[in-house]
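A.B. asks: Have a look at this one before I ask anything.
The values are calculated or read from the model by the stated rules, or taken from the named source; none is laboratory data. Worth saying up front: this structure is predicted, and the values here are computed from it rather than measured. Quick reminder, even Gly has a Cβ in these numbers, built from the backbone with ideal geometry, and neighbours come from all protein chains shown. Surface areas here come from the heavy atoms of the whole protein model, side chains and all, with no ligands, DNA or RNA. Shrake-Rupley method; radii C 1.70, N 1.55, O 1.52, S 1.80 Å.
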Protein chains: 2
Amino acid sequence: MTAKKFSETHTVPYYEGNITNHITLAMLLNIVILVSEHQNEILGVDHNELINNYGIGWVVTSYSIKINELPKIDQTIKLTTRGTSYNKYFAYREFWIENEDGEELVKIDSIWVLINEETRKVSPIDNDLIALYESENVKRLPRLPRPEKLGDELDSSKKYQVRINDIDFNGHVNNAHYMDWMLDVFSIDFITSHKPVQVDIRFENEVTYGSWVESSVKIEAMPDGLTKTVHRIDSGNEVSAIATIIWGDIK
Amino acid sequence: MTAKKFSETHTVPYYEGNITNHITLAMLLNIVILVSEHQNEILGVDHNELINNYGIGWVVTSYSIKINELPKIDQTIKLTTRGTSYNKYFAYREFWIENEDGEELVKIDSIWVLINEETRKVSPIDNDLIALYESENVKRLPRLPRPEKLGDELDSSKKYQVRINDIDFNGHVNNAHYMDWMLDVFSIDFITSHKPVQVDIRFENEVTYGSWVESSVKIEAMPDGLTKTVHRIDSGNEVSAIATIIWGDIK
């Protein structure tokens, strides 16, 4: 059995892009979350249903993002998603982004858990719920690449206070903002001379409104003109998120 | 003669909204700028054409926004715009946002200038360009309400550094970010117990990447359960933007 796919198109408005004329990585996460939520809606299990009837909600724990080419401002893209497989506590969801000729621009693998909205603890995945997606029940889910741990040696670090508009309708910080904090440590020169080709990100602990986070990065040259950047977001004494990004040169 | 109208629909995704379940004021400005740019495109004078052929670009100097009801997350709205009138240096553009029953949710009046991209100085409005909009040539444009000047007495103030993703494809700070800085000075309690009914904002001086801005506010009670907030964004010794917002209570 193969899980149900769901697709929709999206045209990238200027305000989802940045100086490179491409969509930001934060907005890339926002638009794929939107397509998954639209699939949930069609299956009758959107976030309101889950909270009101079960007191639970889906939360992403990690993404592995392979980028052939980031969508450009004004480009119309096709987004496809599938809730591919699951086990007792984790679900594996895939996303594909294609251009209008059907060429793959971005492929995203993601791991999700169901969280109890009151306790914020992981809740076992209900068989009736997941059956709607025709997901495959598996012993072992695919293991996404684990981002590297940042050592003590940093190239750059910046502090941010969580803003009122970083908080979503549920009162939580939208995960996409971690991506903005991670990328803001770079110079404009770095951003305009490099393009991300692989992003592995893992969310460890939630941050709350008003708290301060620190975004740190180490930049390392790799063979073949690639650059590796290792990221960590801390909040107080807790690690909030870690990521490894591989960048290509823009010729 | 009445100027040409242009309309399109927009469905508000979750990531354009905030904890109130309505679109943020920053995103409201983004989506109306998008509809005006789509009209420019259809008329063959989008921002690329203007920069490449004339070295100029449209810039908003002030908005006056009347809000009956802010669009909600997931709501589909109709956006309409018209380049109503102009004189030698200024153009007056109107926007209407309606719900699916044709009821007016938001009306926006805006004043624009053409800026020389190199000198950043105001450029006279070319008659051939504005003729495409069938705008009316007038002696006096409507005067938008002038936001109040903030005195020395402040209720709240926060500092922000311009981020890499605050910079658009032209290398400038998107005006919508001023709105986010202005609103972030409030508590969650204020934001969830008040709704904006009138916003008057005026942009004074541009800010650049990496610079720090300070967002300040004074909150005043008014008759009939209304609240007035007076805002100023400073960058160094310059005033970047000022605004007055009138809020109603949420019962």
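A.B. asks: If one computes the Cα centroid of region A:159-208 and of region B:145-159, what distance in Å separates the two points?
C.D. replies: Between the Cα centre of region A:159-208 and that of region B:145-159, the gap is 30 Å.
A.B. asks: Let me check I have the definition right: for the protein assembly as shown, take the eigenvalues of the Cα gyration tensor, multiply each by 5, take square roots. What are those semi-axes in whole Å, largest first?
C.D. replies: 38, 26, 25
A.B. asks: List the lysines whose Cα sits under 25 Å from the Cα of A:K4, skipping any in the same chain fewer than 8 residues away.
C.D. replies: Answer for A:K4, where 25 Å is the Cα cut-off: A:K66, A:K78, A:K88, A:K107, A:K139, listed by chain and number.
A.B. asks: Name the helices (complete DSSP H segments) of chain B with a Cα length along the long axis of 18 Å or more and a Kyte-Doolittle mean of at least 0.5, or state none.
C.D. replies: Result, helices passing both filters: B:25-42.
A.B. asks: Taking chain A as a Gaussian network, Cα atoms linked when under 10 Å apart, which of A:W112, A:W58, A:W212 shows the biggest mean-square fluctuation?
C.D. replies: A:W212
A.B. asks: Here's another thing I want to ask about it. For all pairs of alpha-carbon atoms in region A:206-249, what percent lies in each bin of width 5 Å, listed from the first bin to the last filled one?
C.D. replies: Whole-percent P(r) values from 0 Å outward: 6, 21, 24, 16, 12, 11, 7, 3, 1.
A.B. asks: Okay, moving on. Over the alpha-carbon set of region B:156-249, work out the extent along each principal axis and list the three values in angstrom, largest first.
C.D. replies: 43, 24, 20
A.B. asks: Using DSSP to define loop residues, name the trypsin sites (Lys or Arg not before Pro) in region B:32-121 whose beta-carbon has at most 13 other beta-carbon atoms within 10 Å.
C.D. replies: On the way: sites: B:K66, B:K72, B:K78, B:R82, B:K88, B:R93, B:K107, B:R120, B:K121; in loops: B:K88, B:R120, B:K121.
Loop-located and lightly packed - B:K88, B:R120, B:K121.
A.B. asks: Could you tell me which of A:T119, A:L43, A:I31 has its Cα farthest along the dipole of region A:5-137 towards the positive end, charges placed at Cβ (Lys, Arg +1; Asp, Glu -1), taken about the Cα centre?
C.D. replies: With unit charges placed on the Cβ atoms, the residue in question is A:T119.
A.B. asks: Among all the lysines, which ones have a C-alpha under 18 Å from B:K159's C-alpha, if same-chain residues fewer than 8 places away are not counted?
C.D. replies: A:K158, A:K159, B:K218
A.B. asks: Taking the Cα centre of region A:156-249 as the origin, how large is its charge dipole in debye, to the nearest 20, when only Lys and Arg (+1) and Asp and Glu (-1) carry charge on their Cβ atoms?
C.D. replies: Rounded to the nearest 20 debye, it is 100 debye.
A.B. asks: Shortest first and in nm to one decimal, what separations exist between B:E206 and its copies in the other chains, measuring from label points 7 Å along the Cα-to-beta-carbon line?
C.D. replies: 4.1
A.B. asks: Among B:E118, B:E103, B:E69, which one moves the most in a GNM of chain B with springs linking Cα atoms closer than 10 Å?
C.D. replies: Result: B:E118 has the largest fluctuation of those listed.
A.B. asks: Could you compute the FRET efficiency for A:D126 and B:E104, with r as their C-beta to C-beta distance and R0 at 60 Å, rounded to 0.05?
C.D. replies: Computed FRET efficiency for A:D126 and B:E104: 0.85.
A.B. asks: Another question about this same structure. Project the alpha carbons of chain A onto their principal axes and report the range along each, largest first, in whole Å.
C.D. replies: 50, 47, 35 Å, listed from the longest principal axis down.
A.B. asks: How large is Rg/Rh for region B:5-137, to two decimals, with Cα atoms and a Kirkwood Rh? Don't skip to the end; give the middle numbers.
C.D. replies: Values: Rg = 15.5 Å, Rh = 15.5 Å.
Reported Rg/Rh (Cα atoms, Kirkwood Rh): 1.00.
A.B. asks: If you place +1 on the Cβ of every Lys and Arg, -1 on the Cβ of every Asp and Glu, and leave all else neutral, what size is the dipole of the protein assembly as shown about its Cα centre, to the nearest 20 Debye?
C.D. replies: Computed about the Cα centre, the dipole is about 360 debye.
A.B. asks: Need the list of aspartates and glutamates near B:K251 for cross-linking: C-alpha distance under 15 angstrom, and skip anything on the same chain fewer than eight residues off.
C.D. replies: Answer for B:K251, where 15 Å is the Cα cut-off: B:E69, B:D189, B:D224, listed by chain and number.
A.B. asks: Return the value, in Å² to the nearest 100, of accessible area buried between chains A and B (probe 1.4 Å, both sides summed).
C.D. replies: Counting protein atoms only, the buried area is about 3300 Å².
A.B. asks: So which residue, out of A:I33, A:I51, A:I19, gets the largest mean-square fluctuation from a GNM of chain A using Cα contacts under 10 Å as springs?
C.D. replies: Looking only at A:I33, A:I51, A:I19, the largest GNM fluctuation is found for A:I19.
A.B. asks: With +1 assigned to the C-beta of every Lys and Arg and -1 to the C-beta of every Asp and Glu, and no other charges, what is the dipole magnitude of region B:5-137 about the Cα centre in debye, to the nearest 20?
C.D. replies: Rounded to the nearest 20 debye, it is 440 debye.
A.B. asks: Would you work out the relative contact order for chain A, in percent, from Cα pairs under 8 angstrom that are 6 or more residues apart?
C.D. replies: Dividing the mean separation by the residue count of chain A yields 19 percent.
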